[in-house]
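Asker: Take a look at this one; I'll ask things after.
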Amino acid sequence: MFKRIVQPKWLGSVVAIFIVLLILPPFLPRFFVYVLALIYVTSLLAMSLNLLVGHGGMFQFHHAVFYGVGAYTVALILTKTSLPMWVGFVAGPMAATIVGLFIGWFCVRLTRLYFGMLQISLGSLIWAIVFRWYSFTGGDDGIHGIRMAPFLSSLNNSYYFILVILVISLIILYLVLKSPFGSTLQAIRDNPDRCAAVGINVRRHQLLAIVIATFFAGMAGVLFVVLERSVFPDLLFWVLSLEIFIMCLLGGWFTFAGPILGAAITVALRTFVGIYTEYWTLILGIILILLIFFLPEGVMGYFLEIFKPQAKEAAERRE
Amino acid sequence: MLRVEGVVKSFEDFKAVNGANLAVARGEVVAVIGPNGAGKTTLFNLITGQLKRDRGKIIFKGEDISELPPYQICQRGIARSFQIVNIFPRLTVFGNVQVAVLSQQRRSYNLFRPAQKIAVEETKSILQSVGLSDKGGNIAGSLSHGDQKILEMAIALGNQPELLILDEPTAGMSPEETSATMQLIKRLARMRGLTILFCEHDMDIVFSIAQSIMVMHQGRTLIQEKPEEVRGNEEVQEAYLGGE
Amino acid sequence: MGLSLPYGPAELVSQLLVGLSRSMILFIVCAGLSFVLGVLRVPNIAHGSLYMIGAFATYSLSILFAGSSGFWIALIFAPLVVVLVSLIAERALFCHLYQREHLMLLLFTFALSLIFGDLVKLVWGAEYRSVSAPGMLKGSISMLGSSFPRYNLFLIFIGLVVAIALWLFVNKTKIGKISRAAAVDRDMVGMLGINVSWVFAAAFVIGCYLAGLGGALVAPTVSITLGMDHTLIIEAFLIVTIGGLGNMWGALVGSLIFGVTQSFGVLILPQFAIVFPYAAVVIVLLLRPKGLLKSVW
């Protein structure tokens, strides 16, 4: 009746997938390795957002800002100072968390919609400053040719590094969601007033969730720099924030791994459609409209709906 | 233990509560009754902090709690159930109660141990005492209305409160469910040594389990007395018979 | 990146005028966005794309009808092109979603913005375009010791005309009053026997017309490029929020704040001119998170 936390069944398949992904690079053309790595980076970003949106019910409308802050921090440290790379790698998520805490502190005082609007305004302010501060951040052009330690100089090594960091991050996020804090966060999502009546300091819990989420967004930003060796203001732009929001929605935001699916689909679509036509945004828009009309619960939600009767039967048979 | 003195609360021009007084002693079972619109739920909302009073004092265990936010009032030892079912529909029944237990144990910030393994005994024992043990794994949103009202109560019990406030605990229940709930409340009062404050429309329940009854009418407290005195009081009879 | 020297009153007034004219374009666009937001309760992300289409259409029409009347013809017909495009999208797709949750409507407008953005690229290509103001609006007038560009004065005039027209529409016409009622309580409007779907369609089309008009008016003052939709929509969104959601006078107040702070930003720190209005928005939202004027809901 009270189900166990980790089903041995699916743990096996997850480990198997991980091993497959780990050994893939030598067998794939460079381009595919690159696309996979990009999917990993985007997945981490989407997963970090979903902690707040899907599991926390918060209107985190400008999450890309923390991604961009993480990326720019490591970029600036590696190009303007001679500090070792690892310092940059640690500083990125920390900077994102500090900015997240700062913005979050103002936002959690507000109810949902206004939380989102204030965040958009603060995030846009940061974008505007980065966009215009040509001498420091490279402005419109961004920063390119960022150096990395020798062991990350090859694409395959970067791939391994990114994959490992992604998996560790996912494990941490999973533990967080299954922890008492995770249950409390989901309860806050479902009924914040009831939580307050039950003695929970809703704002403080939301702030802690923001700290975690923005940390991983900053981490994703660092991984982006590892992969691309450049940064640009688009990383902080509202369009990206909306895109990751849609990835979570697409994948199914009440599930754990939904955002990964959403990120994978979006990045794959953009890359492969982009090979054939420069109008891939048009195609993306059309697909989105088709999904709105035909698959409102998101792709993973749709699959869960299909497979739920069988899963329920299987569970009943087991009991 | 709980004292409400001269509390007034208006919404624009409408005085929902206009001079309410209440005294609840430790270990007592106190009922608040009154016709619809008398201000009972508003009074409860004022006590537990969902609303802030315009005037008057609310004192719990010697401390003025009138200005505190709801979560701090709960942490001081007051828990409540709501008149309109206010549960966590997407969580399981177990999960619903566990939220309160985790909050009570100050473990809601705990990040790294699986929630399934924490506070299991306490949660199970609460479910058992309200009779929901066999429904622990069900999604709360799928329960019958009566069971959801009991879950309401169970969530409040999760806080190990000293004062349990129940807002119309049997509203919308069938007669069988009502009498079962009545027995449950009696048991809880005896077993856990709880102080209980509740409001009800069902006079059978009120007169069979309340040790002290406070009568409200148009936002005011008429009297607060032992049941026999209330039954015979003329003002009370007039309030109930004349009007609504 | 130095701070600029103190300016005399003539420069200040001149910049104020520039700011006001910029505000008027923003107001026209934001009034449309706010109107749709108020009635449909959905922020139309495609609003920026429609503005962009208005600007590009103005370019094409003024080339087509070369000569000084070209701009005037474009000014009339470019917004109508936008109306046509939005009407097609609304009747074919959007209207089927009115019963769905707001999130789906929001996503739909985002999908539309993606599609429109690429359609513009398809039709007009990626190069910068420009439109010149018609003869009678070129150049400046000398007044009060400094020169005021005629086009800016024209924009201020048009902005006031639109404001008055909108006020009359919302308060004096039947459709306007129904729209206002639908914004506050759509179920009630439905119960009065009015087809709510038609009200939504009308509101949407009016909002899109204003977006197109804004695009047409801005065309002579900026380079018309891809990406102007993205910059505009975030500015419009922020303006509508600081003004009060759904409140058209709020859109005016917000636009004034935005336009004027940007102009003064140009005087103080030209490189960071765009930062000033964003900072102003942040300050307003920190002090009044729900906007300066009451929201319609």
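The values are calculated or read from the model by the stated rules, or taken from the named source; none is laboratory data. The model shown is predicted, which means the values in this text are computed figures rather than measured ones. When we count neighbours, we look across all protein chains shown, and the Cβ atoms used for this are built from the backbone with ideal geometry, even at glycine.
Asker: Looking at C:Ile115, C:Ile73, can you tell me which residue is of a type in the set (Val, Ile, Thr), in a helix (DSSP H, G or I), touching a Gly at 6+ places or on another chain (Cβ under 7 Å) and surrounded by fewer than 24 Cβ atoms within 10 Å (Cβ to Cβ)?
Answerer: Numbers: C:Ile73 fails: touching a Gly at 6+ places or on another chain (Cβ under 7 Å).
Exactly one of C:Ile115, C:Ile73 is of a type in the set (Val, Ile, Thr), in a helix (DSSP H, G or I), touching a Gly at 6+ places or on another chain (Cβ under 7 Å) and surrounded by fewer than 24 Cβ atoms within 10 Å (Cβ to Cβ), namely C:Ile115.
Asker: Return yes or no: is C:Phe276 of a type outside the set (Gly, Ala, Ser), within 12 Å of another protein chain (Cβ to nearest Cβ) and in contact with an Asp or Glu (Cβ under 7 Å, 6 or more places away or on another chain)? Talk me through it step by step, then tell me what you get.
Answerer: On the way: of a type outside the set (Gly, Ala, Ser): yes; within 12 Å of another protein chain (Cβ to nearest Cβ): yes; in contact with an Asp or Glu (Cβ under 7 Å, 6 or more places away or on another chain): no.
No, not satisfied.
Asker: A follow-up question, please. Looking only at residues that are assigned to a helix (DSSP H, G or I) and within 12 Å of chain A (Cβ to nearest Cβ) in segment C:244-260, which one is farthest from C:Asn152 (Cα to Cα)?
Answerer: Keep residues of segment C:244-260 that are assigned to a helix (DSSP H, G or I), which gives C:248-260.
Right, trim to within 12 Å of chain A (Cβ to nearest Cβ) and you get C:254, C:258.
Numbers: C:Gly254: 19, C:Phe258: 16 Å.
Selected residue: C:Gly254.
Asker: Taking C:Gly214, is it of a type outside the set (A, V, I, L, M, F, W, C), in contact with a helix residue (DSSP H, G or I) (Cβ under 6 Å, 6 or more places away or on another chain) and surrounded by fewer than 24 Cβ atoms within 10 Å (Cβ to Cβ)?
Answerer: For C:Gly214, the condition - of a type outside the set (A, V, I, L, M, F, W, C), in contact with a helix residue (DSSP H, G or I) (Cβ under 6 Å, 6 or more places away or on another chain) and surrounded by fewer than 24 Cβ atoms within 10 Å (Cβ to Cβ) - is not met.
Asker: Do we have B:Asn86 as within 9 Å of another protein chain (Cβ to nearest Cβ), over 27 Å from A:Val211 (Cα atoms), in contact (Cβ under 8 Å) with a residue 24 or more places away in the chain and surrounded by fewer than 19 Cβ atoms within 10 Å (Cβ to Cβ) here? Reasoning before the result, please.
Answerer: Working: within 9 Å of another protein chain (Cβ to nearest Cβ): yes; over 27 Å from A:Val211 (Cα atoms): yes; in contact (Cβ under 8 Å) with a residue 24 or more places away in the chain: yes; surrounded by fewer than 19 Cβ atoms within 10 Å (Cβ to Cβ): yes.
Answer is yes for this residue.
Asker: In the list B:Gly95, B:Gly136, B:Gly158, B:Gly131, which residue meets the criterion of being surrounded by fewer than 20 Cβ atoms within 10 Å (Cβ to Cβ), facing another protein chain (nearest Cβ under 8 Å) and small (Gly, Ala, Ser)?
Answerer: B:Gly136
Asker: Sort out which residues of segment B:103-154 are of a type in the set (Ser, Thr, Tyr) and under 21 Å from B:Asn86 (Cα atoms), and write them in order of number. Quick ask: steps written out before the conclusion?
Answerer: Just the residues of segment B:103-154 that are of a type in the set (Ser, Thr, Tyr), to begin with: B:103, B:108-109, B:123, B:125, B:129, B:133, B:142, B:144.
Matches in segment B:103-154: B:Ser103, B:Ser108, B:Thr123, B:Ser129, B:Ser133, B:Ser142, B:Ser144.
Asker: Give the residues of segment B:42-70 that are free of Cβ contacts under 8 Å to residues at least 24 places away in the same chain and in a helix (DSSP H, G or I), sorted by residue number.
Answerer: B:Asn45, B:Pro70 - these are the residues of segment B:42-70 that are free of Cβ contacts under 8 Å to residues at least 24 places away in the same chain and in a helix (DSSP H, G or I).
Asker: Can you tell me how many residues within segment B:142-155 are within 18 Å of A:Val198 (Cβ to Cβ) and within 13 Å of chain A (Cβ to nearest Cβ)?
Answerer: Filtering segment B:142-155 for residues within 18 Å of A:Val198 (Cβ to Cβ) gives B:148-155.
Restricting the remaining residues to those that are within 13 Å of chain A (Cβ to nearest Cβ) gives B:148, B:151-155.
Selection size over segment B:142-155: 6.
Asker: Taking A:Phe181 as the residue in question, decide whether it is under 21 Å from the mean Cα position of the chain (by Cα), in a helix (DSSP H, G or I) and either among the charged types (D, E, K, R) or buried (at least 17 other Cβ atoms within 10 Å of the Cβ) (or both).
Answerer: Answer is yes for this residue.
Asker: Further, regarding this structure: Please verify whether segment B:191-200 includes one or more residues that are assigned by TED's automatic domain parsing to the domain that holds B:Ala38, within 30 Å of B:Glu229 (Cα to Cα) and in a helix (DSSP H, G or I).
Answerer: Just the residues of segment B:191-200 that are assigned by TED's automatic domain parsing to the domain that holds B:Ala38, to begin with: B:191-200.
Then drop every residue that is not within 30 Å of B:Glu229 (Cα to Cα), which leaves B:191-200.
Okay, now just the ones that are also in a helix (DSSP H, G or I), so B:191.
Within segment B:191-200 (the criterion being assigned by TED's automatic domain parsing to the domain that holds B:Ala38, within 30 Å of B:Glu229 (Cα to Cα) and in a helix (DSSP H, G or I)), the answer is yes, since at least one residue qualifies.
Asker: Can you run down the residue pairs with Cβ atoms below 8 Å, 6 or more apart or on separate chains, where the first is in segment B:161-172 and over 14 Å from B:Ala100 (Cβ atoms) and the partner is among the acidic types (Asp, Glu)?
Answerer: That search, which allows pairs on different chains as well, returns B:Glu168/B:Glu200; B:Pro169/B:Glu152; B:Pro169/B:Glu200; B:Thr170/B:Glu177; B:Thr170/B:Glu200; B:Thr170/B:Asp202.
Asker: Next question, about the same structure. Residue by residue through segment B:103-114, note down the ones that are within 7 Å of chain A (Cβ to nearest Cβ) and more than 11 Å from A:Thr184 (Cα to Cα).
Answerer: Looking only at segment B:103-114, we keep the residues that are within 7 Å of chain A (Cβ to nearest Cβ), and these are B:103-104, B:107-114.
Within segment B:103-114, B:Gln104, B:Phe112, B:Arg113, B:Pro114 meet the criteria.
Asker: Can you name every residue in segment B:124-135 that is among the polar types (S, T, N, Q) and within 19 Å of the chain's Cα centre (by Cα)? Working first, answer last.
Answerer: Of all residues in segment B:124-135, those among the polar types (S, T, N, Q) come to B:125, B:128-129, B:133.
Listed by number, the list holds a single entry, B:Ser129.
Asker: Filtering segment A:98-147 down to residues that are over 30 Å from A:Pro84 (Cα atoms) and charged (D, E, K, R), which residue is farthest from the other protein chains (Cβ to nearest Cβ)?
Answerer: A:Arg112
Asker: Same structure, new question: Please give the number of the condition A:Val231 fails out of (1) buried (at least 23 other Cβ atoms within 10 Å of the Cβ); (2) more than 17 Å from A:Asn50 (Cα to Cα); (3) within 14 Å of another protein chain (Cβ to nearest Cβ).
Answerer: With (1) buried (at least 23 other Cβ atoms within 10 Å of the Cβ); (2) more than 17 Å from A:Asn50 (Cα to Cα); (3) within 14 Å of another protein chain (Cβ to nearest Cβ) applied to A:Val231, the lone miss is (3).
Asker: Working only within segment B:115-128, note down all residues that are within 10 Å of chain A (Cβ to nearest Cβ), out of contact with any Pro (no Cβ under 9 Å at 6 or more places or on another chain) and crowded, with 16+ Cβ neighbours inside 10 Å.
Answerer: Here is the first cut: in segment B:115-128, the ones within 10 Å of chain A (Cβ to nearest Cβ) are B:115-120, B:123-124.
Still in the list and also out of contact with any Pro (no Cβ under 9 Å at 6 or more places or on another chain): B:116-117, B:120, B:123-124.
Passing the criteria: B:Gln116, B:Thr123, B:Lys124.
Asker: Output the number of the condition that B:Gly77 fails; it satisfies all remaining conditions of (1) crowded, with 24+ Cβ neighbours inside 10 Å; (2) more than 7 Å from every other protein chain (Cβ to nearest Cβ); (3) closer than 29 Å to B:Gly39 by Cβ.
Answerer: (1)
Asker: Residue by residue through segment C:1-53, note down the ones that are in a loop (DSSP other than H, G, I, E, B), over 12 Å from C:Leu245 (Cα atoms) and at pLDDT below 90. Before you say what the answer is, go through the steps one by one.
Answerer: Taking segment C:1-53 first, the residues in a loop (DSSP other than H, G, I, E, B) are C:1-8, C:41-46.
Of the ones still in play, those that are also over 12 Å from C:Leu245 (Cα atoms) are C:1-8, C:44-46.
Hits for segment C:1-53 are C:Met1, C:Gly2, C:Leu3, C:Ser4, C:Leu5, C:Pro6, C:Tyr7, C:Gly8.
Asker: Sticking with this one: Would you call B:Gln211 of a type outside the set (A, V, I, L, M, F, W, C), surrounded by fewer than 20 Cβ atoms within 10 Å (Cβ to Cβ), touching a residue at least 24 places away in the same chain (Cβ under 8 Å) and in contact with a helix residue (DSSP H, G or I) (Cβ under 6 Å, 6 or more places away or on another chain)?
Answerer: No: the conditions fail for B:Gln211.
Asker: Now a separate question. Please work out which one of (1) closer than 22 Å to A:Arg112 by Cβ; (2) more than 13 Å from the chain's Cα centre (by Cα); (3) part of a helix (DSSP H, G or I) is the condition A:Pro26 fails and give its number.
Answerer: Of the numbered conditions (1) closer than 22 Å to A:Arg112 by Cβ; (2) more than 13 Å from the chain's Cα centre (by Cα); (3) part of a helix (DSSP H, G or I), the odd one out for A:Pro26 is (1).
Asker: Let me ask another. Which of (1) modelled with pLDDT under 90; (2) touching an Asp or Glu at 6+ places or on another chain (Cβ under 7 Å) is the odd one out, the single condition A:Phe131 does not satisfy?
Answerer: Going through (1) modelled with pLDDT under 90; (2) touching an Asp or Glu at 6+ places or on another chain (Cβ under 7 Å) one by one, A:Phe131 breaks only (1).
Asker: Next question. Quick check on B:Ile205: is it within 15 Å of the chain's Cα centre (by Cα), at pLDDT below 85 and over 20 Å from B:Lys135 (Cα atoms)?
Answerer: Spelling it out, B:Ile205 is indeed within 15 Å of the chain's Cα centre (by Cα), at pLDDT below 85 and over 20 Å from B:Lys135 (Cα atoms).
Asker: Sticking with this structure for a sec: Quick one: in segment B:220-234, of everything that is surrounded by 18 or more Cβ atoms within 10 Å (Cβ to Cβ) and polar (S, T, N, Q), which residue is farthest from B:Gly34 (Cα to Cα)?
Answerer: Looking at the filtered set, the residue picked out is B:Gln224.
Asker: Among the residues of segment C:119-128, are any among the β-branched types (Val, Ile, Thr), under 29 Å from C:Pro43 (Cα atoms) and within 13 Å of chain A (Cβ to nearest Cβ)?
Answerer: Step one: of segment C:119-128, the residues among the β-branched types (Val, Ile, Thr) are C:120, C:123.
Pick out the ones that are also under 29 Å from C:Pro43 (Cα atoms) and you get C:120, C:123.
Going one step further and asking which of them are within 13 Å of chain A (Cβ to nearest Cβ), we end up with C:120, C:123.
Yes: segment C:119-128 contains one or more residues that are among the β-branched types (Val, Ile, Thr), under 29 Å from C:Pro43 (Cα atoms) and within 13 Å of chain A (Cβ to nearest Cβ).
Asker: What is the one condition in (1) modelled with pLDDT under 90; (2) away from chain C (no Cβ under 11 Å); (3) part of a helix (DSSP H, G or I); (4) within 26 Å of A:Met58 (Cα to Cα) that A:Phe293 does not satisfy?
Answerer: So A:Phe293 meets the others, but not (2).
Asker: For segment C:173-240, which fully contained helices (runs of 4 or more DSSP H) count at least 1 residues that are within 19 Å of C:Gly19 (Cα to Cα) and touching a residue at least 24 places away in the same chain (Cβ under 8 Å)?
Answerer: Details: elements: C:174-184, C:186-191, C:196-218.
Answer list for segment C:173-240: C:196-218.
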